[in-house]
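Step one of this worksheet: look at the structure below.
The values are calculated or read from the model by the stated rules, or taken from the named source; none is laboratory data. Keep in mind the model is a prediction, meaning the values are calculated, not measured. Using ideal geometry, Cβ is built from the backbone for each residue, glycine included, and neighbour counts are taken over all protein chains shown. We work out accessible area using only protein heavy atoms, side chains counted, and drop any ligands, DNA or RNA first. Shrake-Rupley method; radii C 1.70, N 1.55, O 1.52, S 1.80 Å.
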Amino acid sequence: MTPEPAPLSRTDPAPLSEQLARLFASRIDAGLMAAGTRLPSIRHCASRYAVSPHTVVAAYDQLLAQGLIRSERNRGFFVRERNALTPAASAATADRTPLAFPNDIGSLIRTMFPAGVRNQVKDSMDASRPSPASGVLPASWLDEGLLIKALRRAVAQDNSSSGALYGTAQGDPLLRDMLALHLESLGITTPSAQIITTSGATHALDVVARTLLSPGDAVLVDSPGWSVEFARLTRMGVRLLPVPRGPQGVDVAALEHLAATHRPKAYTTVSVLHNPTGHSLNLTQAHHVLQLAQQYDFFIVEDDTYAAFAPAHSPRYAALDGLKRTFYVTGFAKIIAPGWRVGCIAAPEDWIPELLDTKLIAGLNTVTPTERALSLCLQQGWLRRHTEAVTSRLDAARSRTVRLALRHGASFAAPPAGLFGWVETGVDTEQLAQRLLDHGWLIAPGHLFYPERCSSTRMRLNFAAGQDMAFWRAYQREVRLSKATAGG
């Protein structure tokens, strides 16, 4: 049985080929086209649905890619057997997979991706609601119109921006020019020749680490800090030297002792709106750390991922140091869209050739269309206006979330600022995470943010995603139960 003719809409934004593919897919999924059923020939299907043969070929290609049909030379297209898991069947199975407890950094990272969340959802959990464990802004905060406008304008202005060919090895020239201006507004003066674009800030940190470090090298890291960096460095065979980080920032005395004892190669740190504490560098600390870097001959790898949310005129190592010992890294995924993996490295001039070699050896080119689109967002002021709107919204969300947290018995281990809060719960958050998981809530327990495995009574909270009263009620209830169980 094949589908009856149905009108395809010329006003539907979806291409006709996609509409036609959906029509056949819905019939196959509903069991109305059994395995082995032959689809209409391309010519017959084109006539039947009043479309061109090219449209039918495109639709059948989509069905082939989805594993719903198979092609037989000189015979045509047939509905596939559904014994093997097709992508559609795999998705249905994944939807029934129990929610994974975030007991390592991998499981926490997977919550950042829609498929990862969907694949872990219990029947009782709404996958669309923001997760307090999230590392990004809620999807509803994104400006899809801005993204589409920027991409269309980029390709329309310059065919080389389509991504059909390799772009410039060091990164789109216009983007690097705009990044130089952007960094200047942060107090970091550098020519575009000392800027290399990357596929996001995470990629930038990886390029710097693989260029600077060798197995056995010692590296200073924030504790608590960002576990992705810990995991990457550990897999490289690097020795981690945890530097305590408190409400007032880095423990400079501890850093000096570690530097004198171990002679590290680098100190990798989030300087502004630190993840997870939210603390920002002050001038006194910055000068002291830079003096230690000079005295003990180590580099500073400055991760400024959260620059978009930072107060104006926040100090940066790179601004004070003039990019002599500092490798500055930033990205735009946090503010514009998680899928726009565009970041950059600003580095000492002598290190640019080696950094570029590392970038090219590991991944060849970065993505030209999004690089050019981001350059337009910077050039036209679109990103500035978007950032102002988002930060205003984040300020309001933070105020509401802090009130809810305090009202339900939580406190903050550092003054609330930026996207994340470092929340003191009073109970072991690894156990609390499991309790809340049973009610469909994912949190980021504190032990994930320490390079040395240790229990913690703290959790990282996404202020933008922490405004749900239902979460705080569940939180308060489970904290009380945890304390009662421990007391008993």
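Take the conditions in contact with a helix residue (DSSP H, G or I) (Cβ under 7 Å, 6 or more places away or on another chain), closer than 27 Å to Ser214 by Cα and open to solvent by 10 Å² or more (accessible area, probe 1.4 Å) and apply them to Phe309. Does it pass? Criteria not met by Phe309. Answer with yes or no whether Glu354 is touching a residue at least 60 places away in the same chain (Cβ under 8 Å), open to solvent by 30 Å² or more (accessible area, probe 1.4 Å) and in a helix (DSSP H, G or I). Yes, satisfied. Residues that are part of a loop (DSSP other than H, G, I, E, B), open to solvent by 10 Å² or more (accessible area, probe 1.4 Å) and touching a Gly at 6+ places or on another chain (Cβ under 7 Å) do occur in the range 417-430. Restricting attention to the range 436-471 and to residues that are in contact with a helix residue (DSSP H, G or I) (Cβ under 8 Å, 6 or more places away or on another chain) and in a strand (DSSP E or B), the residue that is most open to solvent (accessible area, probe 1.4 Å) turns out to be Arg458. Can you find a residue in the range 82-99 that is modelled with pLDDT of 90 or more and either open to solvent by less than 50 Å² (accessible area, probe 1.4 Å) or farther than 30 Å from Asp438 by Cβ (or both)? There is no residue in the range 82-99 that is modelled with pLDDT of 90 or more and either open to solvent by less than 50 Å² (accessible area, probe 1.4 Å) or farther than 30 Å from Asp438 by Cβ (or both).
Could you tell me which residue of the range 357-368 is nearest to the chain's Cα centre (by Cα), considering only residues that are open to solvent by less than 30 Å² (accessible area, probe 1.4 Å) and at pLDDT below 90? Looking at the filtered set, the residue picked out is Thr366. Residues considered: Ala14, Ala46, Ala6. Of these, the only one that is open to solvent by less than 60 Å² (accessible area, probe 1.4 Å), modelled with pLDDT of 85 or more and farther than 14 Å from Val79 by Cβ is Ala46. Of the residues making up the range 316-332, not a single one is touching a residue at least 24 places away in the same chain (Cβ under 8 Å), open to solvent by 30 Å² or more (accessible area, probe 1.4 Å), among the acidic types (Asp, Glu) and over 29 Å from Arg398 (Cα atoms). I'd like to know if the range 159-178 contains one or more residues that are modelled with pLDDT of 85 or more, of a type in the set (Asp, Glu) and crowded, with 23+ Cβ neighbours inside 10 Å. Yes. The set of residues in the range 390-412 that are in contact (Cβ under 8 Å) with a residue 12 or more places away in the chain, hydrophobic (A, V, I, L, M, F, W, C) and either open to solvent by 60 Å² or more (accessible area, probe 1.4 Å) or not in a helix (DSSP H, G or I) (or both) comprises Ala410, Phe412.
Quick one: would you say Ala474 is open to solvent by less than 40 Å² (accessible area, probe 1.4 Å), at pLDDT 90 or above, of a type outside the set (Lys, Arg) and under 19 Å from Pro247 (Cβ atoms)? Answer is no for this residue.
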